[in-house]
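Let me begin by presenting the structure, written as structure tokens, before commenting on it.
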Amino acid sequence: MEGTVLLTGAGTPLADRVARGFAERGARVVLGGRDEAAVLDLAEAIEGDGGWATGLRTDARDEFDLERLAETAARFGDGIDVVVPAASVSHGDTGSEPLQSTSFSAFDDTLRTIARGAFATIREAVPHLRPDGRVVVPVVRLDERAGAGPLGVAQAARIAVMAGFAADLDQAVGAVAVDTVPETASAAELDEAADRIVWVGTTPDLPLDGAVLDGSDRE
């Protein structure tokens, strides 16, 4: 694809694979992540492989960081073509985090990073999003798993954020279901999830309309 992709969460296994996937398809990838060294290393690696990438230290909890990232992305080409809010965080082992034992600080940080982070990423990108642009939100379905803790709540809230933007924006907005928590997923599982996200972001005829796609759309 030709165009610009804004991606948060750079420096984490899933987001890094997504970034490489878009770059391999010819996109300009603008990376944001908390770990500046990891973000810059990823951008350098993509460019070393013949792709185009640049990166900024970006905390998804900080709307001013996200505003700067969106403005940077918009300078390349004619606006932003694809937005992928992939920033995530985990404060414990999923499956052993009952909400009644969750600290307030862990709950707040998880929601702020995953749910509010997705909201702020999309909100700051919207003024620069092309009319035919797409928003692709990675989500992990944890809402019915015992012990999912704040991560399960945050992922459910991220889906709600996505659905709200899908209703309000003219551009295509949807989510891609990731079957395993990225922090504990195998390389094969991460590769499959990243491939699915990139496919949704580079298939303009695929209707999103607030849907959560699970991969069956490719069959």
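Within region 136-146, can one find any residue that is modelled with pLDDT of 95 or more, touching a Gly at 6+ places or on another chain (Cβ under 6 Å) and either under 27 Å from G21 (Cα atoms) or not in a helix (DSSP H, G or I) (or both)? Yes, region 136-146 contains a residue that is modelled with pLDDT of 95 or more, touching a Gly at 6+ places or on another chain (Cβ under 6 Å) and either under 27 Å from G21 (Cα atoms) or not in a helix (DSSP H, G or I) (or both). Being free of Cβ contacts under 8 Å to residues at least 60 places away in the same chain, part of a helix (DSSP H, G or I) and under 18 Å from the mean Cα position of the chain (by Cα) is a property that holds for A115. Checking each residue in region 113-129 for being within 13 Å of L6 (Cα to Cα), open to solvent by less than 40 Å² (accessible area, probe 1.4 Å) and out of contact with any Pro (no Cβ under 9 Å at 6 or more places or on another chain) picks out E124, L129.
Of all the numbered requirements in (1) aliphatic (A, V, I, L, M); (2) under 17 Å from D16 (Cβ atoms); (3) loosely packed, with under 15 Cβ neighbours inside 10 Å, V176 misses one, and that requirement is (3). The helices (runs of 4 or more DSSP H) found entirely in region 5-110 that carry 1 or more residues being touching a residue at least 40 places away in the same chain (Cβ under 8 Å) and open to solvent by less than 30 Å² (accessible area, probe 1.4 Å) are 13-24, 63-74. Restricting attention to region 198-211, the residues being touching a Phe, Trp or Tyr at 6+ places or on another chain (Cβ under 9 Å) and surrounded by 19 or more Cβ atoms within 10 Å (Cβ to Cβ) number 3.
T121: touching a residue at least 40 places away in the same chain (Cβ under 8 Å), over 18 Å from A10 (Cα atoms), polar (S, T, N, Q) and out of contact with any Asp or Glu (no Cβ under 8 Å at 6 or more places or on another chain), yes or no?
Values: touching a residue at least 40 places away in the same chain (Cβ under 8 Å): yes; over 18 Å from A10 (Cα atoms): no; polar (S, T, N, Q): yes; out of contact with any Asp or Glu (no Cβ under 8 Å at 6 or more places or on another chain): yes.
Taking the combined requirement at face value, the residue does not satisfy it.
Being crowded, with 24+ Cβ neighbours inside 10 Å, modelled with pLDDT under 95 and under 17 Å from P85 (Cα atoms) holds for only one residue in A156, A193, and it is A193.
Scanning region 159-173 for residues that are under 25 Å from D109 (Cβ atoms) and among the hydrophobic types (A, V, I, L, M, F, W, C), which turns out least open to solvent (accessible area, probe 1.4 Å)? It comes out as M162.
The values are calculated or read from the model by the stated rules, or taken from the named source; none is laboratory data. Note that this is a predicted model, so its numbers are computed, not measured. All Cβ positions, even for glycine, are placed from backbone atoms using ideal geometry, and neighbour counts span all protein chains on display. Side chains included, ligands, DNA and RNA excluded: accessible areas come from the protein's heavy atoms. Shrake-Rupley method; radii C 1.70, N 1.55, O 1.52, S 1.80 Å.
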